[in-house]
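What follows is one structure encoded as structure tokens, with my remarks underneath.
Nothing in this text is a laboratory measurement; each read-out follows from the coordinates by a stated rule. In this text, all values refer to a predicted model and were calculated from it rather than measured experimentally. We place every Cβ from the backbone using ideal geometry, glycine too, and count neighbours over all the protein chains shown.
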Number of protein chains: 2
Amino acid sequence: MPRKPNYDRNELIERSRDLFWRRGWAGTSLKDLEAVLQMKPGSFYAAFGSKDALFKLAMEKYAVDGLDRLKRLATEYGPIKALQRFPQMVIENEEAPAKACMLSKTLLELQAHNHPLAHEANLHLLKMESQFAELFEQAQSSGEIDSAYDPQVLARRYQSDLLGLRVSAEREGVDAMAIAAEIADSLTRL
Amino acid sequence: MPRKPNYDRNELIERSRDLFWRRGWAGTSLKDLEAVLQMKPGSFYAAFGSKDALFKLAMEKYAVDGLDRLKRLATEYGPIKALQRFPQMVIENEEAPAKACMLSKTLLELQAHNHPLAHEANLHLLKMESQFAELFEQAQSSGEIDSAYDPQVLARRYQSDLLGLRVSAEREGVDAMAIAAEIADSLTRL
DNA sequence: CCCTTTATTGAGCGATCACTCAAGTATATA
DNA sequence: TATATACTTGAGTGATCGCTCAATAAAGGG
């Protein structure tokens, strides 16, 4: 008996993600969302409940996609080569809404307000860090890097470097590709 | 004939800096500022002109103070030791409004809106980067590090690492001091 | 003292914020 | 086709946004 929505929910979440990623939480108004999603307020709230609820969905899609890209890279090239390629891959996409990481942007914007979305962002970052650690561990198992290192320590540092890279890539007049190459290069010396 | 203001302008700017640093640009309302500065709207606008104008002043103070701390560190310990100590110093201050860099927070928040303050933040970051490069150069002159390196390249990477560290330090459950130690340690291998 | 000049006050401006809801519309099932 | 069940519409909610300004208070110079 029901009537179907005339939109693709997944695509709406992707469009929201791109807008939130670029403009941030406070920087994205409901008018902006209505324009990009081609939805009136009533439909919007029927579909997503609130701005924050949609932001959460958008951030989840962002995190899952990032994790997927890394895993695919690891499947194709092996763990250490994946970690080497990832930084460059992440900043070279000209079509991406922003160079900086959506999770870190959200964290920095909302952490001081104790906003639940900041905590959510940190959880996604932790998941990513675990995946980094797993790849370092695999690289040790296959003898690609010295097994004396603690994979968790390597992952922690790698993620910090990646976050720094992506902030730098957001700046004008900074050769981020060169930094990415340096990060990749430093992994060959493990 | 005139009447003197009954406040210390410099202190007001410092209090504003702390609030802006912690809460960000959009996250700080005029009500917040009025509360912290103990000023009514009229006085506020007579004194500073606008929220953005005060933010600019606050950011300048932030940048100048940061530069000063680095320079004092270099005078006391020498260039390379200063660069080694700086990361730890920057994240260990518990009284600071935030661990993350105010300039990077401003850049990430406002860059996508082409807000003048984002450009301003980048200029301050460039100045800081120049100071890093100068210290690396001094370290080369005194033979502390290999002179084959390009000081600008070292400075670019150092600043990126520092920005990453400070984002990481903002997170819960991340041992930022360990990352700071690693950054410092990597400078001994130059 | 008076007078000029500036600082301070606080009610309130228009604009925008996230969001609501009653009314209208489309669709799958009976 | 009739009906039930959603989805869609868009004017409009109260709250908050950055900010203005006329009125008042205070402090120097004469």
Label geometry 7 Å along the beta-carbon vector: A:Ser147 inter-copy distances in nm: 4.5
Prolate/oblate/rounded call for region A:118-175, Cα gyration tensor, a/c under 1.5 rounded: oblate
Prolate/oblate/rounded call for the protein assembly as shown, Cα gyration tensor, a/c under 1.5 rounded: oblate
Phi-based couplings in Hz for region A:167-181 (Karplus 6.51, -1.76, 1.60; Gly and Pro marked x): 5, 4, 5, 6, 6, 8, x, 10, 7, 5, 4, 5, 5, 4, 5
Euclidean distance of C-alpha centroids, region A:1-72 and region B:159-185, integer Å: 32
Contact order normalised by residue count of chain A, Cα under 8 Å, 6+ apart, percent: 22
Net charge over other residues, Cβ less than 12 angstrom from the Cβ of B:Asp32 (K, R count +1; D, E count -1): +3
Axis-proximal residue, chain A, for the rotation superposing A on B (Cβ, Å): A:Gly164, 1
A:Ser141 versus B:Ser142: modelled label distance in nm, points set 7 Å from Cα along the beta carbon direction: 4.8
Cβ-Cβ FRET estimate between B:Val36 and A:Glu76, R0 fixed at 45 Å, reported to 0.05: 0.30
Peptide B:149-161, shielding by other chains (average Cβ, 10 Å cutoff): 4
Region B:62-187: Rg to Rh, with Rh as the Kirkwood radius over Cα pairs: 0.97
Around A:Val64: net Lys/Arg minus Asp/Glu count, Cβ-Cβ under 11 Å: +2
In Hz, Karplus ³J(HN,Hα) per residue of region B:5-15 (6.51, -1.76, 1.60; θ = phi - 60°; x = Gly, Pro): x, 9, 9, 9, 3, 4, 5, 4, 5, 5, 5
Shortest-first nm distances, B:Val36 label point to equivalent points in other copies (7 Å, Cα→Cβ): 2.8
Whole-Hz ³J(HN,Hα) from phi, Karplus 6.51 cos²θ - 1.76 cosθ + 1.60, for region A:136-143, glycine and proline x: 4, 5, 4, 5, 6, 4, 8, x
Charge sum, other residues only, whose C-beta stays under 10 Å from A:Ala96's C-beta, Lys/Arg counted +1 and Asp/Glu -1: -2
Anisotropy class of region A:15-83 from Cα gyration tensor, a/c 1.5 cut: prolate
Pair B:Gln88, B:Lys4: separation of 7 Å Cα→Cβ label points (nm): 4.4
Sites B:Arg189 and A:Ser130 - FRET efficiency at Förster radius 35 Å, r taken between beta-carbons, to 0.05: 0.80
Peptide-level mean, for B:167-179, of C-beta atoms on other protein chains within 10 Å: 6
